[in-house]
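Student: Here's a structure for you.
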Amino acid sequence: MAERVIPLIDQRVAALAARVPAQAIPTSGLLSDTLGRPLRDLRISVTDRCNFRCSYCMPKEVFNKDYPYLPHSALLTFEEITRVARQFVAHGVHKIRLTGGEPLLRKNLEVLIEQLAALRTPEGDPLDITLTTNGSLLERKAKSLKAAGLQRVTVSLDGLDDAVFRQMNDVDFPVAEVLKGIDAARDAGLGPIKVNMVVKRGTNEHEILPMARHFRGTGIVLRFIEYMDVGATNGWRMDEVLPSAEVVKLIAAQLPLIQLEPSAPGETAERWGYADGSGEIGVISSVTQAFCGDCNRARLSTEGQLYLCLFATQGHDLRSLVRGGASDEELASAIAQIWHGRGDRYSQLRSSMPPDSSTGKRRVEMSYIGG
Ligand code: SAM
Ligand code: SF4
Ligand code: SF4
């Protein structure tokens, strides 16, 4: 087995300054980056903390009691998040996903959801607001999230076998609680619900079929995600990636599948429907099939750094503008300038990229930037 090197240095400080351009850039709703990609989807991380320690995301050895989580004063307040989000919406964002860390750990998250739900696109439409959660607090919170204006949720679940699940979350959390959370979300009307399963070869591939069978016919869309080389701490190895094509083959051998059209441009999941009409699954092939060509996603970290790619090594510091007295117009212009300069397409370049160790740069952790 390859030796596991676990870096312990905090790399989050290396943000780029966000500058206000000399000439204002108006909010036309039609921003475009250097590859002609629009800005449509904003993922907001509301906390860098989590009550799980999934080894592919927050391995225990690194995210222990000594880990330097952000102090409360570093976090954007709900008002600051909403103000930044408003500028993104003016630039064309119409979907907001709250994430983390575990977003339901952020106190009074419902207040933020209420504020975001009041935003309108330039055409006057409400936003599509969703949240990705590990489901552990969902049973308790589903109703209040719905009442605050959340439309739907995505729940991460890596298997149905209790022992496998407890091992993957690495805090001995029982699968039954997450399943109760999914039921509560459905009862509260937080749908359509998606369930995300990260597949690691040798760890939970035998859970693929039980998961498919369990969610088939429920209206819940199960999506299989290839284990990705995000961050710098999960000890990622290509031989632990199970290509989505194999997932589809495995399911189709038992439950025939038909490929479906993508639901929207920039959609990350390839859709497959059960031939008997009992629902659909998705596969997200971030490793074996890059979808950077129409990637329209921006990520706002917990402390207000704008990241242009999941695999970025540096963010752009919007918080200093927000707290430094910039006007809304200046903030929006700064965001536009950053997006205009975006050329990120990591997944397309993955195989030709030098290892982080040779560049001295380290990719940001997914628990910090949000999935
Ligand atoms: N804690 C929440 C959760 O788990 O749903 C939200 C944050 S989590 C970082 C967002 C998503 O990223 C989850 O679906 C998780 O499974 C996925 N994820 C984390 N690390 C990953 C990795 N190395 N490869 C693929 N997906 C990963
Ligand atoms: Fe926590 Fe989500 Fe990361 Fe698992 S994937 S450690 S639940 S943030
Ligand atoms: Fe988007 Fe970066 Fe992922 Fe490509 S690698 S799809 S640019 S987030």
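Any read-out appearing in this document is the output of simple, stated calculations on the displayed coordinates, not a laboratory observation. Computed from a predicted structure; not experimentally measured. Don't worry about glycine lacking a Cβ; one is built from the backbone with ideal geometry, like all the others, and counts go over all protein chains shown.
Student: Taking square-rooted eigenvalues a ≥ b ≥ c of the alpha carbon gyration tensor, is the stretch 15-163 rounded, prolate or oblate, where a/c under 1.5 means rounded and, failing that, a/b exceeding b/c means prolate? Walk me through the numbers before you get to the answer.
Tutor: On the way: a/c = 1.92, a/b = 1.47, b/c = 1.30.
Prolate shape, in that a/c is at least 1.5 and a/b is the bigger ratio.
Student: Output the direction-averaged projected area (hull surface divided by four) of the convex hull of the alpha-carbon atoms of the chain, in nm².
Tutor: 18.0 nm²
Student: Taking the DSSP beta bridges in the stretch 16-369 as the whole, what percent of them are antiparallel, to the nearest 5?
Tutor: Details: 13 of 45 bridges.
Expressed as a percentage, antiparallel bridges in the stretch 16-369 total about 30.
Student: What are the GluC sites (Glu not before Pro) within the stretch 186-248 that DSSP puts in a loop, where the Cβ has at most 12 other Cβ atoms within 10 Å?
Tutor: Filter output for the stretch 186-248: empty list.
Student: Still on this structure, please answer the following. For 307, 67, 227, 274, which order do you get if you count the other beta carbons within 10 Å of each Cβ and list the fewest first?
Tutor: Fewest to most other Cβ atoms nearby, the residues stand as 67, 274, 227, 307.
Student: Treating only the Cβ atoms of Lys and Arg (+1) and Asp and Glu (-1) as charged, compute the dipole magnitude of the stretch 118-209 about its Cα centre; round to the nearest 20 debye.
Tutor: 300 debye
Student: Set the bar at 22 Å for Cα to Cα. Now go through 143/194; 60/249; 143/180; 107/143; 146/194 and name every pair that lies beyond it.
Tutor: Distance filter (> 22 Å) returns 60/249.
Student: Moving to a separate point now. Once R0 is set to 41 Å, what does the formula 1/(1 + (r/R0)^6) return for the Cβ-Cβ distance between residue 288 and residue 67, expressed as a FRET efficiency to the nearest 0.05?
Tutor: Computed FRET efficiency for residue 288 and residue 67: 0.85.
Student: Moving on to the next point. Please arrange 311, 52 by how many other C-beta atoms lie within 10 Å of their C-beta, fewest to most.
Tutor: Ascending Cβ contact count within 10 Å gives the list 52, 311.
Student: Mind giving me the nanometre distance, one decimal, between the label points for residue 32 and residue 144, set 7 Å out from Cα along Cα→Cβ?
Tutor: Label at residue 32, label at residue 144, 4.5 nm between them.
Student: Using unit Cβ charges (K, R positive; D, E negative) and no other charged atoms, how large, in debye to the nearest 20, is the dipole of the chain about its Cα centre?
Tutor: Here the chain has a charge dipole of around 360 debye.
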